[in-house]
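Worksheet: the structure to be examined is printed underneath.
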Amino acid sequence: GAVVSQHPSWVICKSGTSVKIECRSLDFQATTMFWYRQFPKQSLMLMATSNEGSKATYEQGVEKDKFLINHASLTLSTLTVTSAHPEDSSFYICSARPGQGARDEQFFGPGTRLTVL
Amino acid sequence: TQLLEQSPQFLSIQEGENLTVYCNSSSVFSSLQWYRQEPGEGPVLLVTVVTGGEVKKLKRLTFQFGDARKDSSLHITAAQPGDTGLYLCAGNDSGYALNFGKGTSLLVTP
């Protein structure tokens, strides 16, 4: 149980284009999903918290107009990197938190490697 | 501000050795998780500790949560090459989001 998938697993795009990354909880409903980015040999940096049916909460320094997050259902959240530039190249990882339970566990997707040329 | 400090940052040992990774904070956490991440993959949850003083074992891995719920440790006995990876501790202080440590990169050589 507690499986989270991401699609695509990797993407290469040209500078100026937009890229959409999907995060799905496959066997549970997730009222809250999180988006992280990770640079090589570094830890995860939280970008935003995505709540089903409401606006995402962005961390300080993350441009909400550049990183569009939509959490349309209890099993799907999407991250769209708009007008991507080479500095946006990174490993993007989502996680999902089940709606119930007091242990605050999050389950992570396998990540999406974005390369912007 | 990094809420969670992990040490050591890098560790290279030989197969069969023991090691301990530490995760420290000045904040109190309602729970703390340990993850292992391999290159190009997402973190995989190893354990969640909730109660101060709690000790959990997962085969050769022993996790301990400090009495004050501000720190935790991960001890690996007789490390194997398959233990190689990035070990991350993450704590939940009051909200939904996790605060991650910087990670400990472990390399176990045969």
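The values are calculated or read from the model by the stated rules, or taken from the named source; none is laboratory data. Because the structure is a prediction, the values reported are computed rather than measured. Don't worry about glycine lacking a Cβ; one is built from the backbone with ideal geometry, like all the others, and counts go over all protein chains shown. Side chains are part of the model used for accessible areas, which takes the heavy atoms of the whole protein and leaves out ligands, DNA and RNA. Shrake-Rupley method; radii C 1.70, N 1.55, O 1.52, S 1.80 Å.
Residues to consider are A:S77, A:S90; find the one that is among the polar types (S, T, N, Q), open to solvent by less than 20 Å² (accessible area, probe 1.4 Å) and within 17 Å of B:Q37 (Cβ to Cβ). First the steps, then the outcome.
Numbers: A:S77 fails: within 17 Å of B:Q37 (Cβ to Cβ).
Exactly one of A:S77, A:S90 is among the polar types (S, T, N, Q), open to solvent by less than 20 Å² (accessible area, probe 1.4 Å) and within 17 Å of B:Q37 (Cβ to Cβ), namely A:S90.
State which residue pairs qualify: first residue in contact (Cβ under 8 Å) with a residue 60 or more places away in the chain and inside region A:26-43, second residue among the aromatic types (F, W, Y) and not in a strand (DSSP E or B) in any location, beta carbons under 9 Å apart, and separation of 6 or more residues or different chains.
Listed by first residue and then by second, the contacts come to A:T32/B:Y96; A:F34/B:Y96.
Tell me, which strands (runs of 3 or more DSSP E) wholly within region A:1-82 include 3 or more residues that are within 15 Å of the chain's Cα centre (by Cα)? Quick ask: steps written out before the conclusion?
Details: elements: A:4-7, A:10-13, A:19-25, A:30-38, A:44-51, A:67-73, A:76-81.
Counting at least 3 such residues, we get A:4-7, A:19-25, A:30-38, A:44-51, A:67-73, A:76-81.
Quick check on B:A97: is it modelled with pLDDT of 95 or more and assigned to a loop (DSSP other than H, G, I, E, B)? Break it down into steps so the answer makes sense when it comes.
Details: modelled with pLDDT of 95 or more: no; assigned to a loop (DSSP other than H, G, I, E, B): yes.
When the stated conditions are applied, B:A97 does not pass them.
Test of understanding: among A:K14, A:K41, which residue is among the basic types (K, R) and within 13 Å of chain B (Cβ to nearest Cβ)? Quick ask: steps written out before the conclusion?
Working: A:K14 fails: within 13 Å of chain B (Cβ to nearest Cβ).
Among A:K14, A:K41, only A:K41 is among the basic types (K, R) and within 13 Å of chain B (Cβ to nearest Cβ).
Out of everything in region A:103-117 that is facing chain B (nearest Cβ under 7 Å) and assigned to a loop (DSSP other than H, G, I, E, B), what residue ends up being modelled with the lowest pLDDT?
Out of the qualifying residues, it is A:R103.
Testing A:F34 on (1) under 14 Å from A:S89 (Cα atoms); (2) open to solvent by less than 20 Å² (accessible area, probe 1.4 Å), one condition comes back false. Which one is that?
Result: A:F34 fails condition (1) only.
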